């Protein structure tokens, strides 16, 4: 009996460790470098169980680590300018998930929203991840893989505040549109045109090409998804990593950290010449026509830009 007990205890211990590794093999450390509170939202993909938390408040300067199961897919985003309305329902000005509560409970981000998307332990045992501006933009975000052993494990994200430079046709602002910019819509959401949505006759990579509006996002944030078929320069892989997700990262600091890590991706995280569209172009109704004309003549977006503006979310 004693011998059986001695043998059983190590076996049970190994089984418990194996189950623990299976259940919690990856973690997301979510960090808020913004000057105000951000309310992260988390949504699991189809056939993936919801996480123990699907939404919480993250004050400025704070961080929180969320454990994840070994095979998980879903997305993470930051909600801003949140609070309770007169009826006690929780709501946010940008990226609200519609649950009426702090927890999103299966609700996704209402566009526009900057999204970090993950498929963990996918094909070949690799994690696939990206930062997407396909549904628009509301916050700077950086994703950094930590401790990975396979894949490129490169960082990705959009490090800058694009709300001030957002073209007038896409701009979301407080005060019924008359206040400060708080988000930037995608052209698909703003116009509903199939050529911007990659739908209908434009539903293939050959027929759906980047627009002047998606190029605005792409030139400022070269590694982020800018439209539906922007796969080649926007999806990254790693294996066996934990991930740090930072809202409002400091661009210069981020670049120094990535240089120390010898990031192998050729595209920069920050395009230092194309951050801020000059106000005459950003606020003018002729933005789309002007940009199309410049691209048709082979001009780079940098011709239309001024000194870049780097500032955390205010």
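The values are calculated or read from the model by the stated rules, or taken from the named source; none is laboratory data. Owing to the predicted nature of the structure, the values given are computational and were not obtained by experimental measurement. Positions of Cβ are backbone-derived with ideal geometry, glycine not excepted, and every protein chain shown enters the neighbour counts.
Does residue 212 satisfy the condition of being in contact with a helix residue (DSSP H, G or I) (Cβ under 6 Å, 6 or more places away or on another chain) and at pLDDT below 95? Explain how you work it out, then say what you get.
Numbers: in contact with a helix residue (DSSP H, G or I) (Cβ under 6 Å, 6 or more places away or on another chain): yes; at pLDDT below 95: yes.
Yes; evaluated as a whole, the condition is true for this residue.
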If residue 227 satisfies every condition in (1) surrounded by fewer than 20 Cβ atoms within 10 Å (Cβ to Cβ); (2) closer than 28 Å to residue 266 by Cβ but one, which is the exception? (1)
So which of 74, 88, 100, 106 is out of contact with any helix residue (DSSP H, G or I) (no Cβ under 7 Å at 6 or more places or on another chain), surrounded by fewer than 17 Cβ atoms within 10 Å (Cβ to Cβ), on the phi > 0 side of the Ramachandran plot and touching a residue at least 40 places away in the same chain (Cβ under 8 Å)? 106
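Given 179, 175, 152, which one is over 18 Å from the mean Cα position of the chain (by Cα), within 18 Å of residue 269 (Cβ to Cβ) and in a loop (DSSP other than H, G, I, E, B)?
Exactly one residue qualifies, and that residue is 152.
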Which residue out of 110, 101 is more than 19 Å from the chain's Cα centre (by Cα), modelled with pLDDT of 95 or more and part of a loop (DSSP other than H, G, I, E, B)? 101
Sort out which residues of the stretch 182-197 are in a loop (DSSP other than H, G, I, E, B), in contact with a helix residue (DSSP H, G or I) (Cβ under 8 Å, 6 or more places away or on another chain) and in contact (Cβ under 8 Å) with a residue 24 or more places away in the chain, and write them in order of number. 186
Criterion (under 13 Å from the mean Cα position of the chain (by Cα), crowded, with 18+ Cβ neighbours inside 10 Å and not in a strand (DSSP E or B)) met by exactly one of 134, 144: 134
Filter result for the condition that a residue is within 21 Å of residue 97 (Cα to Cα) and either modelled with pLDDT of 90 or more or surrounded by fewer than 22 Cβ atoms within 10 Å (Cβ to Cβ) (or both), over 162, 170: 170
Identify the residue in the stretch 24-45 that is surrounded by fewer than 19 Cβ atoms within 10 Å (Cβ to Cβ) and touching a strand residue (DSSP E or B) at 6+ places or on another chain (Cβ under 8 Å) and, among all such residues, is farthest from residue 102 (Cα to Cα). 25
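Residue 83: over 12 Å from the mean Cα position of the chain (by Cα) and in a helix (DSSP H, G or I), yes or no?
No.
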Need the failing condition index for residue 192 against (1) more than 18 Å from the chain's Cα centre (by Cα); (2) within 20 Å of residue 33 (Cβ to Cβ); (3) at pLDDT 95 or above, just the number. (2)
I'd like to know if the stretch 156-163 contains one or more residues that are in contact with a strand residue (DSSP E or B) (Cβ under 8 Å, 6 or more places away or on another chain), in a loop (DSSP other than H, G, I, E, B), free of Cβ contacts under 8 Å to residues at least 60 places away in the same chain and closer than 17 Å to residue 223 by Cα. yes
Could you identify the single residue in 272, 232, 262, 256 that is outside any loop (DSSP other than H, G, I, E, B) and either modelled with pLDDT under 95 or closer than 24 Å to residue 80 by Cβ (or both)? 256
